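What follows is a short report on a single structure.
The values are calculated or read from the model by the stated rules, or taken from the named source; none is laboratory data. Not measured: the values here are computed from a predicted model. Heads up, the Cβs are rebuilt from the backbone with ideal geometry, glycines too, and the neighbour counts pull from every protein chain shown. Heavy atoms of the whole protein, side chains included, go into the accessibility calculation; ligands, DNA and RNA do not. Shrake-Rupley method; radii C 1.70, N 1.55, O 1.52, S 1.80 Å.
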Amino acid sequence: MLVAGEAGIGKTALVEAFCGESARGLPALWGSCDPVVPARPFAPLVDIAEKVKGPLRGALDSGNRNRVFEAFLAQLRQPGNMPGLIVFDDLHWADDATLDLLRVVGRRLRNLPVLLIGTYRDHEVGGGHPLRIALGDLPAGVVTELRLPPLSVDAVAALAAESGMDAVAIHRATMGNPFFVTEVLAAGGDELPAGIIDAVLARVARLSPSAQDVLRAVSVLGQRCEPALLSGMAPGDEAALAECVARGVLEMENGALRFRHELAQRAVRDGLAPGDRAALHGRALEALCRLGAADPAELAHHAVEAGDAEAVLVLAPAAAERAAGLGAHREAAAHYAAALRFGGRLEARSRATLLEGHGRECLTIDDVDAALVSQQEALECWRRLGDARREAICLQSLSLMLWFAADGDRAVEAAERAVELLGRASAPDRELARAYATLAQRLLVRGSDDAVTLSWGERALGLAERLCDEPVGVHALTTIGVAEIFLGMEGGWAKVEESLHRAKAAGLSEDASRALINLVEAARDTRRYEVADRYRDEAISYLAEHDPDHDLFRRRLLGVLAEIALERGRWEEAARLAGGLLVEGRSARLTRAKALTLLGRLRARRGDGDPWPLLDEALALAGPRGEAQEQCPLYAARAEAAWLQGDMARARTEAEIGLNLVSIDPWWQGELGFWSWKAGGPPRLPVGSAKPYVLHSSGRYQEAASAWHSISSPYHEALALAEAEGEEALRQALTIFQSLGAGPMAIKVARRLRGMGVRSIPRGQRRNTRRNPAGLTARELDVLALLAEGMRNADIAERLVISAKTVDHHVSAILRKLAVPTRAAAAEEAARLGLKDGELLPAR
C-alpha cells in the first residue's frame, strides 16, 4: 500500500494512526528514508535493525547487499515472530539499495502474511524518478495507491474551534494542508503567515534563546537523533530540550528525538547562517566520533557540510565503497564527487584512484559524460606517474566508456593500447587476460572481422582458464559465443548460455546480465524473435532482482526490446519504451540515439509529423566514429523516411552511406541494399543479403511476404504484398498497414486499388485517432494546449482549476505519450497536431 500526497498532507500521521488503532495489534517494523544527499544506503532497514533481533544488523554491517536481502526476508519469514506491518516512510528520498529491496521483497509479497506500507510525496515523483521505475518492476496486482486530499473547510473549522481564528481564512491561506494548518494554529497571532516556513519560524520565535539553540543543533542531525548525540553537541541544555518537547516543536519517540515534520526541520536548518551551520555540523561530527558512530555516510555528510577537507578525504571514499557494495550507486557517485571537490591538493596517485571510482559509479548509473571526464583525468594522472600497469587498467575502463559515448574508433584504440602496455610484462597475468577480453568485446561491437574477434576472445579464455580467473573467462566466453552466432555457427548460442550459467553459479550478476542482454540482442540482429521471446522475461526479471541499480544495462535492454517491438508490429509498445528512454534524460549517447532512431522511423511510417529532427539528432549523437551496428539502423531509417516522402535521391544516398559501413551482416546489408534498390539503385542486392530482401528485390513478392510472416515482421510483409499482383494481396497489405497505423503506405496501396477499379476500400482509423496517435485524454489535450502557450504549471492549474501537482502528473504523461523529452518539444507537437483550446482542429 502506497500512501501518496504533498508534503504535510498527513501521510505519516495516517499510517501511525492505522498502525496504532486499526491494525488489531499487529506488530509493525517502521523505518524512514532521509532527506540528506547522498542518502544513507538501506536507511529504513537501519532503523528497523535497532528494534529486532536476528542477523539483520550484522548483514548491514557487512556491506554485502545480498546478505541484507536474505536477512530481511528471513526476518519476514521468522516463525512466530512475523511482523504484520512494515512501514517505509518518505520513499521519495529512498537510496538505490532501498529501491532494490522493494523490488526483491515486492516479488515475494504474495507469499508473505505482511502488509508493506510506503509513503511518498507524489509531486516529487515523476515518470523518470527512481521510485517510479522501481515500482514499475513489481508484479502487477501487488501495489495499491492511496492519495490523500487536503482538509476541507469543515475539517479546518474543527481543528480551529478553540482558537477563535477564522477557519475560512486559514483554509484559504493553507489550501487545507494539515501541517500548515496546525502550525498556523500553534503560532497564533492576528496575521496569518504567508507560508509554512513563516509559520514554523513564528512558532520557534516564541521559545527561549536556549531552546532555540537546541532546535538549531537538532536541525542538522536529521529527522531523528539520539539524546546522547545532542548532549555531546550541546551539554547541559536539558531544560531547553524539555521546553522544545513541551511546546510540541520536538517529539520523543522510542527514546529518540525528532521534529514533528521534516518541513519544520528544514525551516530551522535553512534559517541558519552558513557559518553557524558549518560549525554545528563540525560539532556533530566530533560528537559522533566520540560516540563511536560507524556509518561512514553519516560521518561523511557532516564532514562535507562542516567543510572539513581532511575528514572528507577519509570518510567520503569509505562511504562510497560501502554504498557501492550495497548497490546504492547514485549515492556512491555522489560521495566520490564530494571527495574530489575537497581533493585538489591530493597527490596524483590518490586523486587518480578517486577519479576512477567516480568514473566507475557514473558509468553504472548511465552518466557516461561524467564518467569520461573522470576516467580521462585519471589516465593523465597515471601517465604522469609513469605507472604503465595502472595506465593499462584505466584504459580498459575508458574503452567501455568511449564505446557508450559513440566513439568506437577511440574505444578500440584504448583497448589495443592496454594490451600493448600489459604485454610488455615478463609473465602473462589476469590483467592481460582481461585486456584480451576487453579488446575482443570492442572488436565485436565494432563490427570487425569476426574471425579476429574470435582469436582475441579465445586468447582471453585460454589465459583466464590457466589462471583460474572465472570473471574474465565468463566475459570472454560470451564474446566468443556472440561472434560465432554472427558467423552463422549454431554452437554460439550454447556458448552464451554456458556463460550465463557459469556467471550465475559464480555470483557474477553483471556478467549474467550481459549474457542475457547479448542473447536478446543477437536474437534481434539475426531476426530470431522466438529466441528473443525465450530470454526476454528472464532478462527483465534478472536485471530487476540482481542488477536493478545498473541503469546502463537496464536502458540498453529496453532499447533492444523497443526495436524488437517495432519490427514485430507492436508500435505503441515500441514508442512507449523508446519514449521512456528519452524522458529519463541522462541515457548514454548510443541509447538515446537508438531511441531517437526508432521514434523517427515510427513518425515516417505513420506519417505522423516530421521525422527528420529526431533522425538528425540521432545522427549527431551517433557521430562519424560510432559503431556500424548502431549506425546501420540509423541510415536504414533515414533511407526509408526519405523514400516514404518521395525523395529518391536522398533515400539512395542515405542507404549507400550505410552500405559503406556494414561488413558482413546479412540483415543490414539486405535492408540498406533494399532501400537503395527501391530508390533506383543497383538491381542486385549485396552478396550475402538476408533472403527476404533478396526475394522482394527479385520480384518474388509472395515468397518474400511469406518469409517475413514466418519471422513475425508484419510491416515488411505488407511492403512485399503491396507490390504483388492481384486484389487479394493488396487488400492483405492494406489491412496490415491500417492495423499498424502506417498511413503513407496505406494511402499508396489504397490508391493502387482504386486504379484497379476496386470499390469498397476500407478507410482504416478515424481521423481523430490518426491525428491524436498518442491517445491523449481530453484533460491532457487541455494541458498541452496551455503548455504550448508557454504557461507555467502553476498558471495552468489556476486556469483549469486543478492542483499544481495534478498538472505535474498530466505533463509527465504528455511527455511520455508523445515520446518527447521536453516541454518545448511537446509544444512543437501541439502546433503540428493543430491543437487550439484543447481541441484538434480539422485536418486541411
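Points to keep in mind about this one:
- Cross-chain or 6+ apart pairs with Cβ under 7 Å, the range 209-221 first and touching a residue at least 12 places away in the same chain (Cβ under 8 Å), then assigned to a helix (DSSP H, G or I) and open to solvent by 40 Å² or more (accessible area, probe 1.4 Å): A211/E243; S219/R269; V220/R269; V220/R277
- Test: residue in the range 191-214 that is among the β-branched types (V, I, T) and open to solvent by 60 Å² or more (accessible area, probe 1.4 Å): yes
- Residue count for the range 671-686 satisfying the condition of being touching a Ser or Thr at 6+ places or on another chain (Cβ under 8 Å) and surrounded by 23 or more Cβ atoms within 10 Å (Cβ to Cβ): 3.
- Residue in the range 231-245 that is within 38 Å of the chain's Cα centre (by Cα) and in contact (Cβ under 8 Å) with a residue 24 or more places away in the chain present: no
- Test: residue in the range 608-625 that is within 20 Å of I747 (Cβ to Cβ), touching a residue at least 60 places away in the same chain (Cβ under 8 Å) and assigned to a helix (DSSP H, G or I): no
- Taken together, the residues in the range 20-62 that are of a type in the set (D, E) and surrounded by fewer than 16 Cβ atoms within 10 Å (Cβ to Cβ) amount to 3.
- Looking only at the range 334-383, residues that are of a type in the set (K, R) and not in a helix (DSSP H, G or I) come to 1 in all.
- Qualifying position, being modelled with pLDDT of 90 or more, out of contact with any helix residue (DSSP H, G or I) (no Cβ under 9 Å at 6 or more places or on another chain) and either closer than 25 Å to A316 by Cα or open to solvent by 20 Å² or more (accessible area, probe 1.4 Å) (or both), among G236, G275: G275
- Residue within the range 174-189 that is charged (D, E, K, R), open to solvent by less than 50 Å² (accessible area, probe 1.4 Å) and more than 19 Å from P44 (Cβ to Cβ) present: yes
- Unmet criterion (only one of (1) surrounded by fewer than 17 Cβ atoms within 10 Å (Cβ to Cβ); (2) more than 26 Å from the chain's Cα centre (by Cα); (3) assigned to a helix (DSSP H, G or I)) for A294: (3)
- When Y436 is tested against (1) modelled with pLDDT of 95 or more; (2) open to solvent by 20 Å² or more (accessible area, probe 1.4 Å); (3) closer than 30 Å to A565 by Cα; (4) not small (G, A, S), exactly one condition is not met: (3).
- Looking at A604, A636, A649, A641, just one residue is open to solvent by 30 Å² or more (accessible area, probe 1.4 Å) and more than 21 Å from the chain's Cα centre (by Cα), and that residue is A649.
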